[in-house]
1. Go through (1) closer than 30 Å to B:Ser232 by Cβ; (2) within 14 Å of chain A (Cβ to nearest Cβ); (3) surrounded by 21 or more Cβ atoms within 10 Å (Cβ to Cβ) and name the single condition B:Gly126 misses.
2. Report every pair of residues separated by at least 6 positions or lying on different chains whose Cβ atoms are under 6 Å apart, first residue within the range B:21-42 and in contact (Cβ under 8 Å) with a residue 24 or more places away in the chain, second assigned to a loop (DSSP other than H, G, I, E, B) and small (Gly, Ala, Ser).
3. Please enumerate the residues belonging to the range B:262-290 that are touching a helix residue (DSSP H, G or I) at 6+ places or on another chain (Cβ under 7 Å) and within 15 Å of B:Ile310 (Cβ to Cβ).
4. What number of residues within the range B:267-289 are surrounded by fewer than 14 Cβ atoms within 10 Å (Cβ to Cβ) and either modelled with pLDDT under 95 or under 27 Å from B:Asn321 (Cα atoms) (or both)?
5. For the range B:166-209, name all the residues that are within 30 Å of A:Lys44 (Cα to Cα), hydrophobic (A, V, I, L, M, F, W, C) and surrounded by 24 or more Cβ atoms within 10 Å (Cβ to Cβ).
6. With the range B:275-394 as the region, which helices (runs of 4 or more DSSP H) entirely inside it contain at least 1 residues that are outside the structural domain of B:Cys187 (by TED's automatic domain parsing)?
7. Determine, yes or no, whether B:Gly93 is surrounded by 15 or more Cβ atoms within 10 Å (Cβ to Cβ), touching a residue at least 60 places away in the same chain (Cβ under 8 Å) and not polar (S, T, N, Q).
8. Return yes or no: is A:Thr17 of a type in the set (Val, Ile, Thr) and out of contact with any Asp or Glu (no Cβ under 8 Å at 6 or more places or on another chain)?
Amino acid sequence: MALVFEEAKAKIIEFITSKAKMKSKFYFNDFTALFPEEKGRDVKKILTQMINEETLVFWSSGSTSMYGLAGAGKHADGED
Amino acid sequence: MAKHKTPLLDQLESGPWPSFVSDIKQEVAHRYANPKGIDFQIPAECPDDLLGILELSYVEGETHWKHGGIVGVFGYGGGVIGRYCDQPEKFPGVAHFHTVRLNQPSGMFYKTDFLRQICDLWELRGSGLTNMHGATGDIVLLGTSTPQLEEIFWEATHNLNNDLGGSGSNLRTPSCCLGESRCEYACYDSQEMCFQLTNEYQDELHRPAFPYKFKFKFDGCSLGCVAAIARSDMSFIGTWRDEIRVDQKVVAAYVGGEIAPNAGAYSGRDWGKFDIQKEVVALCPSQCIRFEGGKLEINNKECVRCMHCICVMPRALKIGNDRGCSILVGAKAPILDGPQMGSLAIPFIKVDDDYAGVKEFIEATWDWWMEEGKNRERIGETLKRLGFAKLLEVTGTKADPRHVKEPRHNPYIFWKEEEVEGGWQREISDYRSRHQK
C-alpha cells in the first residue's frame, strides 16, 4: 500500500514526540520500523519531503547520519 | 606573528618528511599578510587558532572538537561535516570549523583554472586549508563557518559545476583509477562507470538512508590503483575471462636481455641478468606458468589474474580480450571486528553501456542491507553476521567455487527443502532396500 504523505508525516511526528524525553535524533531504521509493510525507499521519500519542508533536519557526526525534528534537542552554542 | 606558542607541533616539523604543521604555518603567514587584500569571510586567524587548539590537545592528551551537528546545505544530508571547538573564547578562529567535501573528477584530472577557482573560493570563504584528497578520494575543504555553507555550495554548483561529495550514512563519493584514459591494463572504462553510477545514485549520495557509510571504488584492473578491494564496501575490479595474450618473440627478447623487465622500474641498481624462472614462473601464485624450450605457457584456467607476470613483461604479455569486471563486497577498516577485504560476489560481469547487470546487483544488495543491517553496521559486518550465502540468495547469484575463500573453514551447509531433490520426504522402504537397520 502506498504511503500517504500527511498520514505518514503525522505518524513520524507522533513517534518522535513520544520519544522526545529520551532522545532527539533517530536512525533511518527507526522510521522504517514504523512502516513494516513499506519499502525503505518509500519511507525515504516521505522523510525527504519532510526535510524539504523543514519539518525534519539531518544530523551527522560525519560518519553517521540521523534525523530529528527541527529545533528539537540540544545543540552546540555555535550551532544554530 | 603567530598567536600561540606551539613547541610540540614545531617538533613535528623536524622529521625528514613534508609537515602539515609547516603547511598550516605557511597559510597563517599568508592570511596575516593578505597580499591580495581579500575580504576574508571567516576570521583571518583561523589557521593560527587551528595550530593553537591542536597544540592544546597535544598538551592535554584530549580533543577539543565537539562531535557532529545539524549543519549542512538545504536538502543535503551529506557533504558537510559539522565541527565546533569547545574553547571558542580562546580560539575564536575555529569556533566553527566545518569540513566541506566536493566530489572529485573521475581519475582526478584537473584543469589548473579549476584548481585556482577552488583555492580562491576557499581562501575567501574558508580557512584556505585543503586536503587533496581525503581517504575516500574527494576534495576536502577544511574549516569554515555555518553562514558560509550555502554560499560555498552555490558557488561550487553554479560557478565550478561541481557537486558536494558524500559523508555520513550515505553513498560516499565514488572514486576510480585513471582507467582507459592512461592505462593499457584497464579492463573496462572505470572513469565512465564511476561517473555514470555517481549520477545514477545521486539520491543515495545526498540523502542518507543506509545503516552506515557505503563506498564504491572502481579499479580498471587487479593492480588496484585505488585499492578498491580493501577500501570499498563494493569494489569493481577489472578482469578478463579469456587468455593472457603472449608474444613469444618479445618473451625471448626479455630473456635475452634486450628489453628491461618491469618496464625498467628497477634500474636503480644492478639486479643481475633477468631470470624468467625466478622472477616470473616461480612467483606465479597459482603456479600456472611454465617456461620450457624457450616457450612461455600459461594454464589460463588456473590463472588468478594477479597480473604479476604482465607487470614484469608488459610488452610480451597483455590482458585478455574478453573483458569485464569482478564485483566484491564488504571491505572495511577496523572499527568493529577488525579489517576486512572484499569478498568475491560476482566473478565476472560484462560492463555494458547501460550498466544494467551491475545496477541490478547493487540495488538488490542495498535493499537487503537496508532491511537487515543494524545501525552503524557496514555491509561487511552484515555479511559476516548473516553469512555470505545470504548475499548470494538475495542478489540471485548462483554459488560458485570461486566464492569459496578457503576450503573447510566452515563445513556445515544448511540446505533448504527446495534445494534438495524430493524435499524432506523420502520413501523409507527404498532407503532400507539398500541399507540395513
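1. Just one mismatch for B:Gly126, condition (2).
2. Short answer, once both residue conditions are applied: B:Glu27/B:Gly128; B:Val28/B:Ala2; B:Arg31/B:Ala44; B:Ile42/B:Ser145.
3. So the first thing to find is which residues in the range B:262-290 are touching a helix residue (DSSP H, G or I) at 6+ places or on another chain (Cβ under 7 Å), and the list is B:262, B:274, B:276, B:279-280, B:283-284, B:289-290.
B:Asn262, B:Ile276, B:Glu279, B:Val280, B:Leu283, B:Cys284, B:Ile289 - these are the residues of the range B:262-290 that are touching a helix residue (DSSP H, G or I) at 6+ places or on another chain (Cβ under 7 Å) and within 15 Å of B:Ile310 (Cβ to Cβ).
4. 12
5. The initial filter retains those residues of the range B:166-209 that are within 30 Å of A:Lys44 (Cα to Cα), namely B:166-176, B:190-209.
The next check asks that each one be hydrophobic (A, V, I, L, M, F, W, C); those that pass are B:171, B:176, B:193-195, B:197, B:205, B:209.
If the condition is that a residue be within 30 Å of A:Lys44 (Cα to Cα), hydrophobic (A, V, I, L, M, F, W, C) and surrounded by 24 or more Cβ atoms within 10 Å (Cβ to Cβ), then B:Leu171, B:Cys176, B:Cys194, B:Leu205, B:Ala209 are the ones that fit.
6. Working: elements: B:308-312, B:356-372, B:379-386, B:388-394.
Of the helices (runs of 4 or more DSSP H) lying wholly inside the range B:275-394, those with at least 1 residues that are outside the structural domain of B:Cys187 (by TED's automatic domain parsing) span B:308-312.
7. Numbers: surrounded by 15 or more Cβ atoms within 10 Å (Cβ to Cβ): yes; touching a residue at least 60 places away in the same chain (Cβ under 8 Å): no; not polar (S, T, N, Q): yes.
When the stated conditions are applied, B:Gly93 does not pass them.
8. Working: of a type in the set (Val, Ile, Thr): yes; out of contact with any Asp or Glu (no Cβ under 8 Å at 6 or more places or on another chain): yes.
For A:Thr17, the condition - of a type in the set (Val, Ile, Thr) and out of contact with any Asp or Glu (no Cβ under 8 Å at 6 or more places or on another chain) - is met.
The values are calculated or read from the model by the stated rules, or taken from the named source; none is laboratory data. For clarity, every value in this text was computed on a predicted model and none was experimentally measured. When we count neighbours, we look across all protein chains shown, and the Cβ atoms used for this are built from the backbone with ideal geometry, even at glycine.
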